[in-house]
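Remarks on the structure that follows.
Derivation of every value follows stated rules applied to the coordinates shown; laboratory data play no part. Note that this is a predicted model, so its numbers are computed, not measured. For neighbour counting, all protein chains shown are included, and Cβ atoms are generated from backbone atoms with ideal geometry for every residue, glycine included.
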């Protein structure tokens, strides 16, 4: 029987302080040694996630890497996914939404419900991203992300190690937490890491095709995500639980007797 490795708040807090000024590779090496196959790298094929995957692969070429395929990704992302697998000689673990839940949502609200109001956009994110992520993390003790503090206000306080209470208290590791964007791209150039072709077209944050656009030089990093919304969080709920009181009821009706309806 496989043993779960669970850390408590005190231990994670001490480790977060210890690792705060250490290099990302040191954090990743520790995580791989501590959690082994019960750890996986999460990537959406943006620059940060690919840097993390590259660092981990150089330490352990058998490292587990997973992604969430929402079913609405740009064609360029699907093509780039194949390129990444060939470049590293790995097989990505791909998790997608539940087909019945997607069908129920589309029948109730239409395929492009996200353009109508923020609660419906959050509902779509929940069905296509957050719930698949929850399933992907169910059998893990730790996961690694490319989150950085400078990406958006909701991420300004992230630590390199933290307990992920939205996913059963597993450990969430953010080795690039204290990096700036130019450090990410310096690493990509220095180590010849593949980068998503949409960056060359002016994209700075890449998600689902209908919800992502290129940005102008004067716009903020995540301005191309859900750009039609005013005053709404530039988050989908994967890394920042969003409770609006608006979409939870809709989600519960769509899930019926299925998965738990709380945001994760």
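Helix-only arithmetic for the chain: the sum of -39500 (n - 2.57) across DSSP H runs with n ≥ 4, divided by the residue total, places the mean residue ellipticity at 222 nm at -11000 deg cm²/dmol.
Which distance in Å, rounded to a whole number, links the C-alpha centroids of segment 161-237 and segment 46-77? About 13 Å separates the Cα centre of segment 161-237 from the one of segment 46-77.
Please compute the contact order of segment 9-253 in relative form: average sequence separation of alpha-carbon pairs under 8 Å and at least six residues apart, divided by the residue count, as a percent. Show your work: numbers first, answer last.
Details: 355 pairs, mean separation 58.1, N = 245.
Value for segment 9-253: 24 percent.
Set against the labelled values [x] 120; [y] 193; [z] 136, volume of the Cα convex hull per residue in Å³ computed from this structure falls on [z].
Working from label points 7 Å from Cα in the Cα-to-Cβ sense, the residue 9 to residue 94 distance is 4.0 nm. For the pair residue 86 and residue 106, a Förster radius of 30 Å applied to the C-beta separation gives a FRET efficiency near 0.35, rounded to the nearest 0.05. With R₀ set to 25 Å, the beta-carbon distance separating residue 135 from residue 218 gives a calculated FRET efficiency near 0.05. The distance between label points at residue 22 and residue 227 comes to 4.1 nm (points 7 Å beyond Cα on the Cα→Cβ vector). With the highest mean first, a sort of the peptides 45-55, 199-209 on other beta-carbon atoms found within 10 angstrom per residue produces 45-55, 199-209. Placing a pseudo-label 7 Å from each Cα along the Cα-to-Cβ vector at residue 62 and residue 252 gives an inter-label distance of 4.6 nm.
Report the full-extension gain for the segment residue 115 to residue 33: residue separation times 0.36 nm, less the Cα-Cα distance, to one decimal in nm. Mind showing how you got there, number by number?
On the way: separation 82, 0.36 × 82 = 29.52 nm, distance 4.41 nm.
Length gained, residue 115 through residue 33: 25.1 nm.
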